[in-house]
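Read the structure below first, then the notes.
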Amino acid sequence: YVPKDSAFTLETVVATAKRALANRQTRILIVDDTAATRKLLAHMLKVQQYQVIEVGSGDEALSVLEDNPDIRLVVSDYYMPAMDGYELTRRLRRQFASNRLRVIGVSSSNDRMVSVGFLKAGANDFISMPFIPEELQCRIASNVETLEQIELLHNLASRDALTGLFNRRHFFESAGRLIEEAQAKNLTSAVAILDIDDFKQLNDSHGHDFGDQALAKVARYLAQSVEGSGHLLARIGGEEFAILFPGLSAKEAMRLSDHIRLDISHEILLVDDRQITLTVSIGVAEIGGQGSLDQYLVAADRALYTAKHEGRNCVRV
Ligand code: GH3
Ligand code: MG
Ligand code: MG
Ligand code: MG
């Protein structure tokens, strides 16, 4: 079920991801000690609209990759004087999983074991030289497609189907890293749990589908309020959302949360041609010391309980 006219439905998320993938020019690194081969490979790929970087050794390849994390594919020669293609592939695999970086070996050796050596070292594919241009292009395209499919799946797995917001799984996966980054700068973070007030009543009076659409509207509204802020928003339960405020104190998070609360209470939501208003209650907790995210969420949940108890449509810490 996809709610009407929400900018954050799963369908639009998928469409946006696909468009982004189609527009992105995949960056490819070519590693070969022979300049002529390098140029030939680079030319064949550039005519296919790929962005190509060329280097002459394994060491250069490693340092270029370090500076260019957006390189997604490496085409490596086998025989090179200092570090051969197997060794480069093994080193790459220690740093980058196959779902992040594809490696394709190339060699003009007549020894068919070279392709086996590359695959054993962790390469995804192999091309014999002299290559047929179509074969090169097809193998590159197929590896790029695999990367794109992985990215699309990753995107889908981190989203909630009704609202298109990040889901609980993604929230827990990402929050830890954001909190640690803030801690490294000696900053606290804060977390808020938002729960729609009397939502059961809305379902009871208008039906579950109507409730779903209202939820999608609130989600869209929340997404707009955190857009570009660096705050992490997710739908963590039925009509519950969480926002992580990395690097903020509870006081700052409360101020922002109260803005959101007030704005939602003033917003007239158009659901199924009906105008409704909703309110939310919010519990905030500061993330300071060594506790786990779970513990802080429990604290935020307690604050939320207090907010509900003290009349709803308010923020408590
Ligand atoms: P309170 O102000 O105390 O939060 O009251 P409430 O009615 O919102 O709270 P309660 O937790 O008792 O009920 C939440 C309701 O939200 C129950 C459930 O039917 C509804 N709900 C949860 N997830 C969904 C959903 O995905 N779609 C719809 N339509 N309703 C949902
Ligand atoms: Mg060579
Ligand atoms: Mg609830
Ligand atoms: Mg509720």
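Here is how the numbers come out for the structure above:
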read-out: Search result, residues across the range 277-317 that are in a loop (DSSP other than H, G, I, E, B), under 19 Å from Glu252 (Cβ atoms) and in contact (Cβ under 8 Å) with a residue 60 or more places away in the chain; value: Gly288, Val317
read-out: So Lys217, is it of a type in the set (Lys, Arg), within 16 Å of ligand 3 (Cβ to nearest atom) and farther than 18 Å from Ala300 by Cα; value: no
read-out: Hey, Glu180 away from ligand 4 (no atom under 16 Å from the Cβ), under 25 Å from Gly238 (Cβ atoms), of a type outside the set (Gly, Ala, Ser) and outside any strand (DSSP E or B) or not; value: no
read-out: Exclusive hit being out of contact with any helix residue (DSSP H, G or I) (no Cβ under 9 Å at 6 or more places or on another chain) and part of a loop (DSSP other than H, G, I, E, B), set Asn143, Asn186; value: Asn186
read-out: Scope the range 231-244; condition in contact (Cβ under 8 Å) with a residue 60 or more places away in the chain and either of a type in the set (S, T, N, Q) or within 16 Å of ligand 4 (Cβ to nearest atom) (or both); matching residues; value: Arg235, Ile236, Gly237, Phe241, Ala242
read-out: Condition check for Ile140: touching a residue at least 12 places away in the same chain (Cβ under 8 Å) and either within 16 Å of ligand 4 (Cβ to nearest atom) or at positive phi (or both); value: no
read-out: Candidate set: the range 164-188, residues that are among the polar types (S, T, N, Q) and over 20 Å from Glu240 (Cα atoms); chosen: the one nearest to ligand 3 (Cβ to nearest atom); value: Thr188
read-out: Candidate set: the range 170-212, residues that are within 21 Å of Gln290 (Cβ to Cβ) and of a type in the set (S, T, N, Q); chosen: the one nearest to ligand 2 (Cβ to nearest atom); value: Ser174
read-out: The one condition in (1) surrounded by 14 or more Cβ atoms within 10 Å (Cβ to Cβ); (2) of a type in the set (D, E, K, R); (3) assigned to a helix (DSSP H, G or I) that Asp195 fails to fulfil; value: (3)
read-out: Verdict on Gly228 being in a loop (DSSP other than H, G, I, E, B), surrounded by fewer than 22 Cβ atoms within 10 Å (Cβ to Cβ) and touching a residue at least 12 places away in the same chain (Cβ under 8 Å); value: no
read-out: Residue selected from the range 246-278 under the condition in contact with a Leu (Cβ under 7 Å, 6 or more places away or on another chain) and closer than 22 Å to Gly289 by Cα, by the criterion nearest to ligand 1 (Cβ to nearest atom); value: Pro246
read-out: Filter result (closer than 11 Å to Phe166 by Cα and aromatic (Phe, Trp, Tyr)) within the range 233-247; value: Phe241
read-out: Looking only at the range 232-276, and only at residues there that are within 16 Å of ligand 3 (Cβ to nearest atom) and in a helix (DSSP H, G or I), the one that is farthest from Ala175 (Cα to Cα); value: Ile264
read-out: Criterion: away from ligand 1 (no atom under 16 Å from the Cβ) and assigned to a helix (DSSP H, G or I) - qualifying residue of Ser174, Ser205; value: Ser174
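Yes/no per residue for (1) surrounded by fewer than 20 Cβ atoms within 10 Å (Cβ to Cβ); (2) more than 16 Å from ligand 3 (Cβ to nearest atom):
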position: Val116; (1), (2): yes, yes
position: Asp125; (1), (2): yes, yes
position: Asn143; (1), (2): no, yes
position: Ile150; (1), (2): yes, yes
position: Leu162; (1), (2): no, no
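Each value in this text was obtained by applying a stated rule to the coordinates, not by laboratory testing. What you are looking at is a predicted structure, and each value in this text was computed from that prediction instead of being measured. Cβ atoms come from the backbone with ideal geometry, glycine included; neighbour counts cover every protein chain shown.
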